[in-house]
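The values are calculated or read from the model by the stated rules, or taken from the named source; none is laboratory data. In this text the structure is predicted, and so the values were computed from the model without any measurement. A quick note on method: Cβ atoms are made from the backbone with ideal geometry, for glycine too, and the neighbour counts reach across all protein chains shown.
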Amino acid sequence: MTAGPGHRASRARILLAKPGLDGHDRGVHVVARALRDAGFEVIYTGLRSTPEQIVRSAIDEDVDVIGLSILSGVHLPVAAEVLEALGREEVSIPVVVGGAIGPRDALGLREMGVADVFPTGSHRRELVDRLRRLVDEWPAPSAAGGTDAGTA
Amino acid sequence: MSVERDPLHDEPRLEARAAQWRDRYERDELPEATTDSGIELEPLYLPQELDEGRYLDRLGFPGEWPFVRGAYTSMYRGRLWTIRQYAGAGTAEETNARFRYLLERGQTGLSVALDLPTQMGFDSHDASARTEVGRVGVAIDTVEDMAEVFRGIPLGDISVHFTVNATAPMILAMFLVAAEEQGVEWSQVRGTVQNDIIKEFIARKAYIFPPQGSVRLTGDIIAFCYRQVPKFNPVSVTGYHSREAGCNAIQEIAFTLLAGIEYVQHMLGRGIMVDDFAPQLSFHFSSQRDLFEEVCKIRAARRLWATIMRDDFGAKDPASMRMRFFCGGSGASLSHAEPINNVIRGTLQCLAGVLAGAQACHVPSYDEAYAIPSEEAALLSVRTQQIIAHESGVAKVADPLGGSYYVEWLTDQIETEVSALVESIRASGGLLAALERGEPQRMIRQAAYELQAAEEDGTRLVVGQNHLVGPGSSAPDLEGLGKVEGVSRDEADRQTDRLRAVLATREAARVEQALAQLRTAAGAGGNVMPAMIEAARARVTIGEMTEVLAGVLGRHREADAS
């Protein structure tokens, strides 16, 4: 299980994943580069990874955050599958989701335990800041989103 | 028609007056301007010398070499562009209803959106497909679904475009069988399969098999169609997705021409004469924000393609040199904030396409950033095209911007820049070789990053989003935007039920034989289409067809591209 804040002196590690069949990768590459420029270590799964593969890679790579990029509208079921897979592995890694997500679905994602949502139009600076804070503060004491998905 | 000129007085006087104007202009120290793709622009363009020979060589007439002024002689007076809105979602039944809705309101050609499982070769009941059935397009598992999509729509009377690439052989086979079962001869079938697999590797990323095997399939379709389905466009060489992925107009045209060159070379390598297949090639470009750049890039592209076909490939038939194109209004140029503003953006995009002489247009719906089009938004896109066609008057004269000093200069400038990029990639082995090295992909990613930076720091203005933003700008009324959450799971379940029913009633022996024949055709290097068509008739599923091809060609995985 990933330990709490301040546990590593080295850079934060993030796994960026493209789950499902969606091939729209313009956004995930912009985000990958922005994060690398900001000092993150970024591991990219490539296209069309399954939730199991994503969680496996996240554990193997010992990442601090999992970022899902989804432009095909399947963010709710896919995020649920990733969270379930994390639960089965009994690991606590925050999951964030970016993509074509409206306010109603963003709320739905947070309610299921997604740590943060970055809809179309999110800026790199803000994304970097929020992810840094997420990594530093994880596991969140009383998460704003209902289920305490942070601890298993 | 020549103009009387006094060589002693006209030119020096123009030059002198231009210099004086320039001096007055420069007193104000105004900012520079470039096109969206970075071409520097003068504040004013003047006539270049009129030279009849040069006019005929560089511009000519619509429908003739070098095709700058239009693909066809009579252009829109002879026939308006086709109103071809991309549509489709959920089950075949729901898609059929949307098609009939649009056709009843004046859409003149169909463009079928397929869901991701169908594009990627998975059946609706496959584990990989579960969450994605019917979301971004219609689910097609077998020819039964294809037939349902076109119920009540006679395929001899309308042209149908499919945005399908890796599974183009499967979808085309099912389409031809659906037509056949409607009683329509293949010789009467009109439409297009996008079938441009090269741009999938570069930008769109919906590939299945590795590059070489994929190009072989593209070629199988072209070879099959030019003889068996002569009114059908077997490929739509597409720059749209590279542009949507972030590249600029110069790169968009260059990558498209280079992909076209690869396909032509491939077909010639099969021993097919250029004038046999080239007339059926078609193209697809984006229409973005900078109106004059979008018009001029097309004019330049037509001149370049005509030149390549005539001079590099020895085409003799003018139809082989003629670049016909579909104008796809750009979704990436729309905003998520204040979505209603996208109605204006879509209008300008369509106007650019029409001024450029498009053969067919799609106007993205204003709710593009949030959902697949609601019925209301889809209708508005159709009305946009109809208002331009019937009220604006711009269709009355061919190439109406021709002769504008700016437009002719910009056309030439874009041609020069595109040519340079095309030649440099050709010199290093062509586009297929370049994509194996990751070059066009890197160029696109770099351009996308720069655009992101420009939008964030406000260099690139998006009204209502990063410019002149009022309170509440970024909170659209989503309730009014129709089907935001995607297809209901009811429809996905109904699709799997449909599939189960087909599997239960089809003839097992015929299926086995069809699969065996497909495997043989794929492995022996022959044309897969006849076996694919027989498989479609036997109600073989798209997943089964894909498995057979994957068994022979393998599956492609992108090298880590970050």
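Of the helices (runs of 4 or more DSSP H) lying entirely inside the range B:229-292, those containing at least 2 residues that are more than 14 Å from the chain's Cα centre (by Cα) and small (Gly, Ala, Ser) are B:249-269. When A:Val135, A:Val128, A:Val117, A:Val97 are checked against the criterion of being of a type outside the set (Ser, Thr, Tyr), in contact (Cβ under 8 Å) with a residue 60 or more places away in the chain, under 26 Å from A:His29 (Cβ atoms) and away from every other protein chain (no Cβ under 13 Å), A:Val135 stands alone in meeting it. Of the candidates B:Gly60, B:Gly106, the single residue that is under 22 Å from B:Phe325 (Cα atoms), touching a Lys or Arg at 6+ places or on another chain (Cβ under 8 Å) and among the small types (Gly, Ala, Ser) is B:Gly60. Going residue by residue through the range B:242-249, is there one that turns out to be in contact (Cβ under 8 Å) with a residue 24 or more places away in the chain and on the phi > 0 side of the Ramachandran plot? Yes, the range B:242-249 contains a residue that is in contact (Cβ under 8 Å) with a residue 24 or more places away in the chain and on the phi > 0 side of the Ramachandran plot.
Results for (1) in contact with a Leu (Cβ under 8 Å, 6 or more places away or on another chain); (2) in contact (Cβ under 8 Å) with a residue 24 or more places away in the chain; (3) β-branched (Val, Ile, Thr); (4) closer than 19 Å to B:His362 by Cβ, shown as yes or no for each residue.
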{"residue": "B:Val149", "(1), (2), (3), (4)": "no, yes, yes, yes"}
{"residue": "B:Ile158", "(1), (2), (3), (4)": "yes, yes, yes, yes"}
{"residue": "B:Val164", "(1), (2), (3), (4)": "yes, yes, yes, yes"}
{"residue": "B:Met170", "(1), (2), (3), (4)": "no, yes, no, no"}
{"residue": "B:Gln182", "(1), (2), (3), (4)": "yes, yes, no, no"}
{"residue": "B:Ser187", "(1), (2), (3), (4)": "no, yes, no, no"}
{"residue": "B:Lys199", "(1), (2), (3), (4)": "no, yes, no, yes"}
{"residue": "B:Lys205", "(1), (2), (3), (4)": "yes, yes, no, no"}
{"residue": "B:Gly213", "(1), (2), (3), (4)": "yes, yes, no, no"}
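The number of residues in the range A:21-47 that are more than 19 Å from A:Asp60 (Cβ to Cβ), out of contact with any helix residue (DSSP H, G or I) (no Cβ under 7 Å at 6 or more places or on another chain) and more than 9 Å from every other protein chain (Cβ to nearest Cβ) comes to 2.
Just one of the listed residues (B:Glu376, B:Glu439) is surrounded by fewer than 20 Cβ atoms within 10 Å (Cβ to Cβ), acidic (Asp, Glu) and under 30 Å from A:Val74 (Cα atoms), and it is B:Glu376.
The residues listed here are B:Glu534, B:Glu544, B:Glu507, B:Glu558; of these, the one that is of a type in the set (Asp, Glu) and at pLDDT below 95 is B:Glu558. Of all residues in the range A:57-66, none satisfies being under 15 Å from the mean Cα position of the chain (by Cα), surrounded by fewer than 24 Cβ atoms within 10 Å (Cβ to Cβ), under 26 Å from B:Met120 (Cα atoms) and within 11 Å of chain B (Cβ to nearest Cβ).
Residues of the range B:485-544 that are more than 21 Å from B:Asn96 (Cβ to Cβ) and within 14 Å of chain A (Cβ to nearest Cβ): B:Glu485, B:Gly543. Looking across B:Thr108, B:Thr118, B:Thr131, one residue alone is closer than 30 Å to B:Trp81 by Cβ and in a loop (DSSP other than H, G, I, E, B). It is B:Thr108.
Within the range B:206-228, restricting attention to residues that are farther than 23 Å from B:Glu185 by Cα and surrounded by fewer than 21 Cβ atoms within 10 Å (Cβ to Cβ), which residue is nearest to the chain's Cα centre (by Cα)? The selected residue is B:Val215. Filtering the range B:41-62 for residues that are within 14 Å of chain A (Cβ to nearest Cβ) and either in contact with an Asp or Glu (Cβ under 8 Å, 6 or more places away or on another chain) or of a type in the set (Phe, Trp, Tyr) (or both) leaves an empty set. Restricting attention to the range A:29-64, the residues that are closer than 17 Å to A:Ser122 by Cβ and either part of a strand (DSSP E or B) or touching a Phe, Trp or Tyr at 6+ places or on another chain (Cβ under 7 Å) (or both) total 4.
Output the residues belonging to the range B:111-132 that are among the hydrophobic types (A, V, I, L, M, F, W, C), more than 10 Å from chain A (Cβ to nearest Cβ) and out of contact with any Phe, Trp or Tyr (no Cβ under 6 Å at 6 or more places or on another chain). Correct list: B:Leu114 only.
The set of residues in the range B:27-57 that are of a type in the set (Val, Ile, Thr) and surrounded by 13 or more Cβ atoms within 10 Å (Cβ to Cβ) comprises B:Thr35, B:Ile39. Scanning the range B:416-449 for residues that are over 15 Å from A:Gly121 (Cα atoms), within 14 Å of chain A (Cβ to nearest Cβ) and part of a helix (DSSP H, G or I) yields B:Pro440, B:Gln441, B:Arg442, B:Met443, B:Ile444, B:Arg445, B:Gln446, B:Ala447.
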